[in-house]
Structure formats: structure tokens, C-alpha cells
Amino acid sequence: MLVYEKNYDVIVVGGGHAGCEAALASARMGCQTLLLTINLDAIALMSCNPAIGGLAKGHLVKEIDALGGEMGKNIDATGIQFRILNTKKGPAVRASRAQADKQQYRLRMKLVLEQQDRLDLKQGEVTALHVEEGTVLGVATKNGIGYRGNTVILTTGTFMRGLIHIGLTNYPGGRAGDLPSIGLSEHLAQLGFAVGRLKTGTPARLDGRSIDFSRLEPQYGDDPPIPFSFSTVAIEQPQVPCHIAYTNERSHAIIRAGLDRSPLYSGVIEGVGPRYCPSIEDKVVRFPDKERHQTFIEPEGRDTVEVYPSGLSTSLPIDVQIAFYRSIAGLEQVEIMRPAYAIEYDYVDPIQLHASLETKLVRNLYHAGQINGTSGYEEAAAQGLMAGINAALRTKDREPLVFGRSEAYIGVMIDDLVTLGTKEPYRMFTSRAEYRLLLREDNADIRLREKGYEAGLLPETEYRQFLTKLTRIQDELARVQREKVLPSALDPWLVEQYDLAGLQNALTLEQLLRRPDFTYADLARIDRQAEEVPAVVSEQVEIQIKYRGYIERQVEQVERSKKLESARIPQDLDYQELAGLTAEVREKLQKFRPDTLGQASRIAGMTPAAITVLSIALKMRAAR
Amino acid sequence: MYIHDTIAAISTPLGEGGIGIIRVSGSQAVAIAEKLFRNNRNGGLSSHRFYYGTIVEPATGEVFDEVMLVVMRAPRSYTREDVAEIHCHGGYLLVQKVLSLAIGAGARLAQPGEFTQRAFLNGRIDLLQAEAVIDLIRGKTDAALTLAQHQRQGLLSQRIVAVKQDVLHSLALVEAYIDFPEEDLGAAAGEEIGRFVGKALAQIESLLAGFDEGRVLREGVAVLIAGKPNVGKSSLLNTLLQEQRVIVTSVPGTTRDIIEEIVNINGLPVRMLDTAGIRASEDIVEQEGVRRTIEQIPLADLVLFLLDASRPFDEEDRQIAETLASHRFLVVTNKADLPPVLQLPTSLASAPVLSISTQTGAGIAALREMIFTTFLHGTTVDRRELVALSQARHRDALLKARGVLLGFQSNIAAQLSSDLLAVDLHEALRALGEVIGDTTPDEVLDLIFQRFCIGK
């Protein structure tokens, strides 16, 4: 085998959403980086729906952006419809979502990668790792070239032993139109990794010219569109609507009649699919009483007629697909451009990872994205970013960057993955975050900018902008705590509107803002200066004041759990030798091998007594 | 763990001991002691000094017991926090009462092993002591397991699980509403959430009524003797009491009112309820007694269904059996000294049956044992302590959950945003979790996916 002349600091295997963030992070942190992918034309391709963000996912994108990642900027540059979801349900669960121009998204990301110093992009399929004495030293590709690297990041997506299903027909593939990765997952199993199988699916892509949009309900984005990135000033490109359509009883009858040729129900598919993203046949079978299912017809771009019917993924045969899509009102004449399919792929149980995403088995090897059993572009990108940062930190002999569950959704997700593993594709939900009120989209920069800067990823200019914003927030907070209004000195109509009659003493502006319905817009009517406060500042001040009680309650909980979170459990701790644990608890600890007492306490079935026994064992070891 | 709050627990085995010690540890320990303790000296409490005085209910000044009190200020204490120990007279009820006063004054019930955990976390335990401590914890672990099994089988924890289910359902509705804004989940579920929370609160109220502090602490578990007239209910009560307090006559329907007596069974205080004979009768007074009996049945933790072995199973017996169907009961057949006539119907085939004679005393010891094991699996003092703890723990958890859920209701009325409403429900689940184990996010998600057709 030919060994390539360069010696890379970081080799990233895969060019999807995880691979892109990993490669950019590492190169931006000064590392000589190589990105290897099966198809350079498919970099940052959106294999499923042409959208970024949504509940909890939007939170992840903001966190990626705050740390210095690319996803937020990329969607801001190529998004064709932006919306803020949950505007009425509280600031913690407000989330951004955008439709992407699929081809523009991919091309812009490729351009960013190409313009990045220290980053080489090469086409090639990695089939094996070069591992010596438990440390990875490089990778080998199918076409006979070996690359040396101090660290390797695997971001294989759905490609490892990918198997595409359309009805009872199936064939190997990494995604429709792309070859699978063959050999790498067998190699990982030989190295000792537990490899499992998952399944996911995608709907057909339909020809927009054959849809009667006049019969569908349009859904427009927010005006003006609000960007993801803390650095984007405004969204300039034109915006387009989505359309809402519904299935009906006849659609469901067509699905039911085709079930005998479903790979899912005939047992051909072995992999476990995601419950939150079921195929239409799954929905019809599991919820027989539901008369209709909603779908958003999402445009795939401005320069294409292809559209994506969300929520209508299926692995039924093509004739059933045609009949099914045509049963939907407005889609009677629809032409399928690309059929829907299910795909099975290999993943490596993430319980075999440290919180830095380095594998426990092979030193300097990191896993990110769907290889860890997750689903979703945002989940993948967030892991890719962290793997890239941590691989780069490793080459600099620095400690890994790991976020706690109270610091970031990224921390919640990675802790869930490495503590509990996963048996189905893992998706982020806000309900997974116990400190949800602290982990808001609006404060992602306040939570994480500093960390991104310390790691050496966030550019100086963006950091300076952030510090300016922080100062303005603090100044404004101090101002509203200090400045007072005397109700009797106000216009009578203001006194009446804000129910201030009878109040003798002066109120601080903060006291006014503490009222549930009193916003900055209201404040501006009473206080001239409030008018001049920029929205990003007033938003923070208002949230911090209004939710202070609840936020403080969560901060208190975080403080309580800190001692457990910071108590590390050595990897060689022998649970069999530990007196005082029940057999059940011992078995669980042996299996999950938690890194900290905090992680141990989150394993189902762990008792307070078992945690005490563990803490004492740790203390004894430390004294030895 | 709750490093900064103040915890309290009974440090001595409950039951027959001469002295019971309640230990309080944390920043509020001394303040709590000062609230509860009265003596005729003025001035504060010095560290490491034994004081003689009384324990009082702070609100009323009512005196509960003569005690010795010692305060050990940080760091010179077992946990390295401020510690107060109240040495009172031993005995199940009194020690429980003092513990509940300490909790009322601001302490939280300690988790098993929590004093040791604090001692460890605060760096108090050294290597020499560690081996011994591990043995101690092992004891606690095994006992905790017993407790867990006991609670799994226990009626009460089943009911708390039911409360949790209702809270979980409300939370699933709130979380689905938050996490899936683009799904077509149907009309807003506000009304349904209100209904689930209302149901949870009603269950908590009824549990608290049944496990009201006064009742548990003064009266222990309630056992009701039910049976038609003249089967020997009062004789059984007297035999268990081993003294004649209840008028016993052979005229049917004499015992008209509910009679309550406390019987000590291996240290477990059992509140025996003797009922007026449940009997179809024209007599207004007696019918009043029957009404009271039926009212009492839900309050009883166990019903002894007393039958006369020398008479056939008749319509009156059948009616009682029907009333009892949904309650925990033992079938006790009396008059084992007379020729047997009674044949149990198939509906009682699977019920536990015990044969006794109040005349000869046969089977009484076995009955006492059976009552005891119905509540406690085993006879050691250790396990009794755990059940006592678990009772206080149940109550503690339920009170906390009730407080949070009442807050939730007013927050819903005040139209607080969903993210804040979810915080209340999570706190209620955490409170219940102290008894029946934590709720994981996956439990909530499971419920959402079962209920709603989610997926894009």
C-alpha cells in the first residue's frame, strides 16, 4: 500500500454534517487536517428533509454557532424560509427553523471547506484503520492509499453496510445514488467494538409541476426572517412558502393493502427505526383511528421543481407509493422524481465512548454523528464539532472540552449517548434537558462563546462583538435596577393602562418588567431610553428579569449536583470487588462504565445507597 | 445530593428501645433544635454539651417529651456540618413525632446512608474508618432492597405509582405541546391536563387523609374486624388486647359503635377497629353502625373478615364478602373448638385463611404473626425501622408533590408559559421519585409516542 507523504494532525472520515464541522473546527484550530469522503460532490448533502433547526435542533445550531461552527452561517446564507417556533410557549422552548435550498447549502459548505487553510479534501473510501497498541495511527482506503494521522474522526452516516429498501427489493447503497462503505464496520467489529444496526427512511421527492398548489394551504415564513447565527446581520435572499396537505381514508386503505410487500412488516428489515420519525405505514398501522395525517410540502430549492413531502416516508413498493401520493388532495397527478426508501446501516454503540467522543477502546479515535446512533443533521454537526475540537486539543496535549448537562444541549446529548448508549436512532428533544430553562437559544452565546474562544476556534472579531453585547446587557440590567418612575408623575392614561393607580412610591424599571405582561415595548412608552436599547440586549434583560425565580431554582439544582458530576470514576475500577453493591447494580455499572458519579446516578435503577458505596470506594482509592 | 440543606433521621432502631435519637445535620440544625427545645436556662446552646429540657410543638408550645439535647458544631461532628441530636424516650410513636417536628421545622428526611455520604463528601471519613463504613452501608443496601420489594408489593406505593402516572400524563401532554409544535396534535389539551392534575391531587389528598401524620404516628396501621353479629369480634379484640375493655355479650348487635384500641404486635402499633355487626336490620341505631362500618373500610389498611366456623356461610357473610372484595383482607374463622360446619364459597378460595379460637386461644399467635407480616416482611427491628421511615418518606413526598401541583394549578390559571409549567410537573415527579424512583426523560417520551402520532 502507498503511504501518502503528509502526516496529518486530524483525519476526518466522511463529508456529511458531522464531517464538515469536525474538519473545519480542527483546521481552524491550527491542525493539518484531511477530510476523506466517498463522493466530493455530496459534501454537506441533505439526505432527508431540506431543513435545519426545529425544537431542540435549533438550540443545537445556535450552540454550534456560539462555539464557532459553520452550520448556522451556512443556513443563514442559503435558507429560503425562516420561522421561530413556539413563540407563545416561553423563551426556553422557542426554536428557530429554516428551509434550505438544498443544492446551495451543499455548495456553499463545500466552498467554505475549500477556502479553509490547512484543510485537504480528498475523495476516497476508508476501509480500515491503522491501529497499533490501542492507538490509531492512520487510515487505509479502498484504492490502496494509506494516510497517516495523529487522530482520526469517523463520521460515516448511513454508509457503513448501507442497505436500501424499496418494497421487497433491496440493494447496497449509502444513500440513493451513492455507494455504501463496505469493510469498515467489519474492521471495527474486529477491533472489538460492539456494532449494531439501525434503520431510517425518507419520503419520495415529487415534481412540483404536477402538484396543484392552489388547492393547498400555503405557509409563509416570518417577516423579516430571523437568522440563526449570532454573527449574521440579516437574511437577504428571497423567501418562499411551504404548503400543507393531508392524507385521507383512501390513502390509508392503499397503505394497508400494500403492507404484505412492506420490508418493515414482512421482517426483511432488522434495524431499529426511530419512533419519532415513523414511516407512513407505521403511522397508519399504529394509529388506525386517525382520519388524516398532515404533511408539509417543502421546496428543495428555488431553482428546482423538486419538493419534499415531510412525514410521508415509506419503504413500500413503487406502485403503492405512486397510488398513495396521488390519493392526496392536490397531488392527484403527481409525478415521483425519486422514490421513497428505507435504509439500514451499521452504528457503533456510543456507550463505548468517553464524553470527549474519543473511543474507550482505541486512543485518538473519535466517533461523531450517525455512527453513534443519532439522527438529524444538527445532532451530527454538534458531535462533529466536538470531535473536531477534541481531536485538535489532543494534538496540542490539551484537556478535552466537555459540556455538562447544565451548560449545553450538546452536553445533554453526549452525556445521554455515552452514559446510556442507544438502541434506536437518537434525536434531541427539549424534554431531555432537565435544566431546560437555562439552555435557551437566546443565551447560547452567553453560555458558550467564551469556551469557543478559549478552545481557539472562535475568531477574535466575533469574540469582541460578543463582549460588547455582554457589556451592554450588564449595563442595561444595572440601569433598569437603578432607574425609577413615580406613577403620579406619569400621563394619566399610562397610569390607567398599566394599573399603577394608587401606588405612592417610585418603582424601579425592573419592578415593572417583572410583571408578566409588561414588555420592553411597554417600557419604551414610559422610559425614553428603553427605546434605544437594541433588541438582542433588551431580550436578554427582559428574560433574565422575568424568569429570575425559575432560573434561580434551576441554578440551585445544578449546584447541588455539581459534586457528583465532578467526582470521576477511574476506568479500571473493578465493580466485582466492590463490597456493598447489589448484583443488579453491579451488572449495570459493569455494562455502562460511567465516567463520573453524576453519570452513574442517571443510570436507571441506581439507588442512593449504591452511589454512596461508589463515592466511598473512590475516596479510598484516592487515599491509597 | 443536597449538600446545603438540612437533613434529619432517626438514628436508633425503632420499637422497644429505651432511648431514641433523632439526628439533624446541616446549616439549619442548631436553629431547628432551638425551635423545638425548651429548658429553664437562658442563653444559646454550647457545642458538645448535654442539655436537659423538653421538646415542644413550636406553634402551640405543647410539650411532647423530656429529652437530652446535644449540639455539635461544624466541623467537629460526624458529618462535619452542624449536628443536633435529640435523645428522647424510645418507642415508635414518640420518636416518629419528634422526627416529624424536626421536619416541620425545616429539615428534610435523610436518604438512606446520607449522613455517611455527607461525612464522606466533606472529607470526614478517613481510610481506617472506611472499611467499617462500607459494612454499614452494605447493611443499608440490603435493607433498602427489602424496602424496595416491600414497597413494590405494598398497596400504598401502588397508589403513589398511580399518582405518578397522572402527573406523567399531564407532563407528556405539556412536553408534546412544547416539543412538537409542527405536528397536528389536535386541540389544545389544557382541559385534559387540568383533569389529570386534579385527579392526582385528589388521590394525594385521600392518601394524606389515610396517612395523615396524626393517624400514622398516634395510631399506626389500621386493622378492621368485620363480621356478622355474634361471630366473636369483640372476643377477638379482647384476646388481642389481652384485657377486657369491650363489653362482650351474645346478644346480636351489641357492639354498636366503632371501638378502637391500640395493640402492639412485635413493636408494630396496630389500631384495631371493632365494628358494629354488619347486618341487614330494621334497627335504626344498628343501621347507623353498619353505615359507619362501611365508611371505615376504606380507611383500614387490613380487614379481618371474621366467620363462625360452627355455622354455615350465609347471606350476611356473602354480603360482607362482597363489600370487602376490593380491599386487602384476611379470612379468620373463629370457634375452631366447636364442630366445623363452615364451607367457604369459591369466591374466597384464593384468600388467605386462618383458623382460630378465641375460647382456647388457638391460632391467635399465628394471627398476630400474619397481621405483622402483612405489613412487614420479617421480624427484625431493622426492617421495622425501614417501614417507619418509608411511611414518613411517603408522606414527605406526597406533601411536597401536593404543594407543587397546587402551584401548577394556579400557574395554569395565571397562564404561565409552558416551559415554566413543565418545571412544576418535573418537581412533582421528583418528589414522588424519592419514594418510587426517578422518572427518566424516556418515560415521558415513551408516553408521547404511544399517545400521539409524531413524525416528520
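The values are calculated or read from the model by the stated rules, or taken from the named source; none is laboratory data. Since the structure is predicted, the reported quantities are computational estimates derived from the model, not experimental observations. Here the Cβ positions follow ideal geometry from the backbone for every residue, glycine too, while neighbour counts run over all protein chains shown.
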Notebook entry, point to check: Could you list, in sequence order, the residues of segment A:95-106 that are buried (at least 23 other Cβ atoms within 10 Å of the Cβ) and either part of a helix (DSSP H, G or I) or within 14 Å of chain B (Cβ to nearest Cβ) (or both)?
Noted result: A:95, A:96, A:97, A:98, A:99, A:102, A:105
Notebook entry, point to check: Which one is surrounded by the fewest Cβ atoms within 10 Å (Cβ to Cβ), of the residues in segment B:65-95 that are without any contact (Cβ under 8 Å) to a residue 40 or more places away in the chain and within 21 Å of residue B:52 (Cβ to Cβ)?
Noted result: B:66
Check: Got a number for residues in segment A:121-163 being more than 16 Å from residue A:195 (Cα to Cα), of a type in the set (Lys, Arg) and in a loop (DSSP other than H, G, I, E, B)?
Finding: 1
Notebook entry, point to check: Of the numbered conditions (1) out of contact with any Leu (no Cβ under 6 Å at 6 or more places or on another chain); (2) surrounded by fewer than 14 Cβ atoms within 10 Å (Cβ to Cβ), residue A:477 satisfies every one except a single condition; which is it?
Noted result: (2)
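So is residue A:539 in contact (Cβ under 8 Å) with a residue 24 or more places away in the chain and more than 25 Å from residue A:351 (Cα to Cα) or not? I'd like the intermediate steps shown before the answer.
Numbers: in contact (Cβ under 8 Å) with a residue 24 or more places away in the chain: yes; more than 25 Å from residue A:351 (Cα to Cα): yes.
Criteria met by residue A:539.
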Note to self: Please go through segment A:375-394 and give me each residue that is crowded, with 24+ Cβ neighbours inside 10 Å and either more than 9 Å from the chain's Cα centre (by Cα) or in the same structural domain as residue A:275 (by TED's automatic domain parsing) (or both), ordered by number.
What the structure shows: A:384, A:385, A:386, A:387, A:388, A:389, A:390, A:391, A:392
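Go through the residues of segment A:464-478 one by one and say whether even a single one is within 14 Å of another protein chain (Cβ to nearest Cβ) and either touching a Lys or Arg at 6+ places or on another chain (Cβ under 7 Å) or without any contact (Cβ under 8 Å) to a residue 12 or more places away in the chain (or both). So that I can check it myself, show each step before the final result.
The first filter runs over segment A:464-478 and keeps only residues within 14 Å of another protein chain (Cβ to nearest Cβ), leaving none.
No, every residue in segment A:464-478 fails to be within 14 Å of another protein chain (Cβ to nearest Cβ) and either touching a Lys or Arg at 6+ places or on another chain (Cβ under 7 Å) or without any contact (Cβ under 8 Å) to a residue 12 or more places away in the chain (or both).
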Check: Residues in segment B:408-431 that are more than 7 Å from chain A (Cβ to nearest Cβ) and among the acidic types (Asp, Glu): how many?
Finding: 2
Next item on the list: Taking only segment A:386-407 into account, find how many residues are in a helix (DSSP H, G or I) and either free of Cβ contacts under 8 Å to residues at least 24 places away in the same chain or aliphatic (A, V, I, L, M) (or both).
Entry: 6
Note to self: Just the residues that are more than 19 Å from residue B:82 (Cβ to Cβ) and among the aliphatic types (A, V, I, L, M), please, taken from segment B:46-69.
What the structure shows: B:56, B:59, B:63
Check: Quick one: is residue A:600 more than 30 Å from residue A:494 (Cα to Cα), small (Gly, Ala, Ser) and assigned to a loop (DSSP other than H, G, I, E, B)?
Finding: no
Next item on the list: Mind counting the residues in segment A:54-77 that are over 25 Å from residue A:554 (Cα atoms) and either under 12 Å from the mean Cα position of the chain (by Cα) or surrounded by fewer than 24 Cβ atoms within 10 Å (Cβ to Cβ) (or both)?
Entry: 4
Check: Any idea which of A:266, A:279 is touching a Ser or Thr at 6+ places or on another chain (Cβ under 6 Å) and among the small types (Gly, Ala, Ser)?
Finding: A:279
Check: Among the residues of segment A:415-433 satisfying the criterion of being charged (D, E, K, R) and buried (at least 20 other Cβ atoms within 10 Å of the Cβ), which is nearest to the other protein chains (Cβ to nearest Cβ)?
Finding: A:432
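Tell me whether segment A:286-295 contains one or more residues that are surrounded by 19 or more Cβ atoms within 10 Å (Cβ to Cβ) and away from chain B (no Cβ under 14 Å). Step through it out loud before you land on a result.
Let us first name the residues in segment A:286-295 that are surrounded by 19 or more Cβ atoms within 10 Å (Cβ to Cβ), namely A:293, A:295.
Right, trim to away from chain B (no Cβ under 14 Å) and you get none.
Within segment A:286-295 (the criterion being surrounded by 19 or more Cβ atoms within 10 Å (Cβ to Cβ) and away from chain B (no Cβ under 14 Å)), the answer is no, since none of the residues qualifies.
Scan segment A:467-474 and give yes if some residue there is at pLDDT below 95 and either over 30 Å from residue A:277 (Cα atoms) or of a type in the set (Ser, Thr, Tyr) (or both), otherwise no.
In the first step, residues of segment A:467-474 are kept if they are at pLDDT below 95; the result is none.
Within segment A:467-474, none of the residues are at pLDDT below 95 and either over 30 Å from residue A:277 (Cα atoms) or of a type in the set (Ser, Thr, Tyr) (or both).
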Notebook entry, point to check: Would you say residue A:577 is more than 27 Å from residue A:421 (Cβ to Cβ), within 12 Å of chain B (Cβ to nearest Cβ), out of contact with any helix residue (DSSP H, G or I) (no Cβ under 6 Å at 6 or more places or on another chain) and free of Cβ contacts under 8 Å to residues at least 60 places away in the same chain?
Noted result: no
Next item on the list: Test each condition in (1) in contact with an Asp or Glu (Cβ under 9 Å, 6 or more places away or on another chain); (2) outside the structural domain of residue A:45 (by TED's automatic domain parsing); (3) touching a residue at least 24 places away in the same chain (Cβ under 8 Å) for residue A:328 and report the one that comes out false.
Entry: (1)
Next item on the list: Only one of these is more than 11 Å from chain B (Cβ to nearest Cβ) and either in contact with a strand residue (DSSP E or B) (Cβ under 8 Å, 6 or more places away or on another chain) or not hydrophobic (A, V, I, L, M, F, W, C) (or both): A:556, A:542, A:584. Name it.
Entry: A:542
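Of the residues in segment A:566-585, how many are part of a helix (DSSP H, G or I) and buried (at least 16 other Cβ atoms within 10 Å of the Cβ)? So that I can check it myself, show each step before the final result.
Keep residues of segment A:566-585 that are part of a helix (DSSP H, G or I), which gives A:566, A:575-577, A:583-585.
Keeping just the survivors that are buried (at least 16 other Cβ atoms within 10 Å of the Cβ) gives A:575, A:585.
So the count comes out to 2.
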